[in-house]
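Let me begin by presenting the structure, written as C-alpha cells, before commenting on it.
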Amino acid sequence: MELSIRLKTVAEAVTKGNRVADVGTDHGYVPIYLVKNNLSPAGIAMDVNKGPLEKAQYPTHYSTVLKCAQEKLGGKIATRLGNGLAPLEPGETDTVIIAGMGGDLICKILKAKPEFLIEGKEFILQPQSEWFKIRRLLKEYHYQIEKEWFL
C-alpha cells in the first residue's frame, strides 16, 4: 500500500510498537499501513461518517483501499463509528492520530475527552489550519512537541 507523503509522514511519526487510534480515519489508510508493516500491533480506525468506514472494510470501486480482511488484518484493526474520541477509552490505545482537520476542530475533539490529555498519550496531530490553537492547548496540558514537520 502506497501512502501520500502527508499520510506517510503521519504514520512514520508513530512510535513503533504503539497501538494506534486514528480519529477521522476516512478510508483507514494509516492504521492499515502501520499494522501491515509491523509498526503497530493493532489499530482502531474511527470516523464520524459511516461511508468511509464501510469503504475501509468493504471497498467497492475504491481499488486503492485495501479491505482489512483481504490484508489478513481483520483481527488487528477495529472500525468504530462515532464523533471524535467518543468511541474510544484511554486504555485502548497508546497513540492518538488526528490528521487532516482544522486546528480548532482538533482542539474541540481533544477537549471533549480530556482524560486522553490528562493520561499522557502520544499524539500525532496534523492540522490543516490554526496550528497555533493546538500549541496553546498542548501547553495548557504540559505537553512538549518532540518533532515537527511542515509539508
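The values are calculated or read from the model by the stated rules, or taken from the named source; none is laboratory data. None of the values given here were measured: they were computed from a predicted structure. Here Cβ is always computed from backbone atoms with ideal geometry, including for glycine, and neighbour counts include all displayed protein chains. Just so you know, the surface numbers come from the protein's heavy atoms only, side chains and all, with ligands and any DNA or RNA stripped out. Shrake-Rupley method; radii C 1.70, N 1.55, O 1.52, S 1.80 Å.
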(request) Determine whether Leu88 is aliphatic (A, V, I, L, M) and within 18 Å of Arg19 (Cβ to Cβ). (result) yes
(request) Just give me the residues in the range 77-100 being open to solvent by 30 Å² or more (accessible area, probe 1.4 Å) and not in a loop (DSSP other than H, G, I, E, B), in sequence order. (result) Ala78, Thr79, Arg80, Leu81, Gly91, Glu92, Gly100
(request) Could you tell me whether the range 57-73 includes any residue that is among the aliphatic types (A, V, I, L, M), open to solvent by 50 Å² or more (accessible area, probe 1.4 Å), closer than 25 Å to Trp131 by Cα and modelled with pLDDT under 90? (result) no
(message) Can you tell me which residue is surrounded by the most Cβ atoms within 10 Å (Cβ to Cβ) among those in the range 118-142 that are hydrophobic (A, V, I, L, M, F, W, C) and either touching a Cys at 6+ places or on another chain (Cβ under 7 Å) or under 25 Å from Tyr29 (Cα atoms) (or both)?
(response) Leu125
(message) Could you check the range 25-46 and list, in sequence order, the residues that are closer than 18 Å to Pro90 by Cβ and open to solvent by 10 Å² or more (accessible area, probe 1.4 Å)?
(response) Pro41, Ala42, Ile44
(message) Looking at the range 8-24 only, could you name the residues that are farther than 25 Å from Lys111 by Cβ and buried (at least 18 other Cβ atoms within 10 Å of the Cβ)?
(response) Ala11
(message) Restricting to the range 105-117, name every residue that is at pLDDT 95 or above and either open to solvent by 50 Å² or more (accessible area, probe 1.4 Å) or among the aliphatic types (A, V, I, L, M) (or both).
(response) Leu105, Ile106, Lys108, Ile109, Leu110, Lys111, Ala112
(request) Would you check which residues across the range 26-53 are in a loop (DSSP other than H, G, I, E, B) and under 11 Å from Ala78 (Cβ atoms) and list them? (result) Gly28, Ala42
(request) Test each condition in (1) at pLDDT below 95; (2) surrounded by 12 or more Cβ atoms within 10 Å (Cβ to Cβ); (3) hydrophobic (A, V, I, L, M, F, W, C) for Ile145 and report the one that comes out false. (result) (2)
